[in-house]
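In what follows, a structure is listed as structure tokens, so that the remarks can point back to it.
The values are calculated or read from the model by the stated rules, or taken from the named source; none is laboratory data. If you're wondering where the values come from, they're calculated on a predicted model, not measured in any experiment. Every residue, glycine as well, gets a Cβ built from its backbone with ideal geometry; the counts of neighbours run over all protein chains shown.
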Amino acid sequence: MVGKFEGFEIPKPIPALTEDTKPYWEGCARHELLIQHCQDCGHFRFPPSGLCPKCMSTNTEWVAVSGKGQVYSWTIFHYVYHPAYAKDIPYNVAIVQLNEGPLLHTNIVECNNEDIYIGMPVEVIFEDVNDEISLPKFRPLSK
Ligand SMILES: [Zn+2]
């Protein structure tokens, strides 16, 4: 997870755990995709937050979701916006809509960039960064 830029090794940024996001990242570390589920109106929400955006309830639970969804949108990065990603150019950044509804920013893996399309069925896999952080990424859904 290290890129080179003008002779310097620069690590890729990793997510910062906050009170709201800690359960999400702890689930990812166990290779479980957890999403907040409002116990008053049933809304699944992401990113994590203290209040349900639909009904303002704080009554929520973390539930393991299917990890399946489809590509909602994507783009290919050809420009180096962060030196740690220089060796990855060109790489994709995608928005996946989970079957439960929420949208997640991610990368599509195990797939050529040219083969990504809107509506492509995908499933989550986890890329271990260190002992605490695993990043959810998505690959084409195996049939
Ligand atoms: Zn709600």
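Within segment 115-130, is there a residue that is at pLDDT below 95 and within 20 Å of LEU17 (Cα to Cα)?
For segment 115-130, residues at pLDDT below 95 and within 20 Å of LEU17 (Cα to Cα): present.
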I'd like to know if segment 23-44 contains one or more residues that are free of Cβ contacts under 8 Å to residues at least 40 places away in the same chain, small (Gly, Ala, Ser) and either within 16 Å of the ligand (Cβ to nearest atom) or within 16 Å of ARG139 (Cβ to Cβ) (or both).
yes
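Restricting attention to segment 123-143, and to residues there that are assigned to a loop (DSSP other than H, G, I, E, B) and of a type outside the set (A, V, I, L, M), which single residue is surrounded by the most Cβ atoms within 10 Å (Cβ to Cβ)? Spell out the reasoning first.
To start, the set of residues in segment 123-143 that are assigned to a loop (DSSP other than H, G, I, E, B) comprises 129-133, 141-143.
Filter once more, keeping what is of a type outside the set (A, V, I, L, M): 130-132, 142-143.
Working: ASN130: 9, ASP131: 7, GLU132: 13, SER142: 7, LYS143: 4.
My answer is GLU132.
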When segment 47-92 is checked residue by residue, the ones that are on the phi > 0 side of the Ramachandran plot and hydrophobic (A, V, I, L, M, F, W, C) are MET56
Run down GLU26, GLU9, GLU32 and say which single residue is outside any loop (DSSP other than H, G, I, E, B), surrounded by 13 or more Cβ atoms within 10 Å (Cβ to Cβ) and in contact with a strand residue (DSSP E or B) (Cβ under 9 Å, 6 or more places away or on another chain).
GLU26
May I ask you to list the residues in segment 52-68 that are within 14 Å of the ligand (Cβ to nearest atom) and of a type in the set (D, E, K, R)?
LYS54, GLU61
Kindly provide the set of residues from segment 45-65 that are buried (at least 16 other Cβ atoms within 10 Å of the Cβ), of a type outside the set (S, T, N, Q) and in contact with a Gly (Cβ under 9 Å, 6 or more places away or on another chain), ordered by number.
ARG45, PHE46
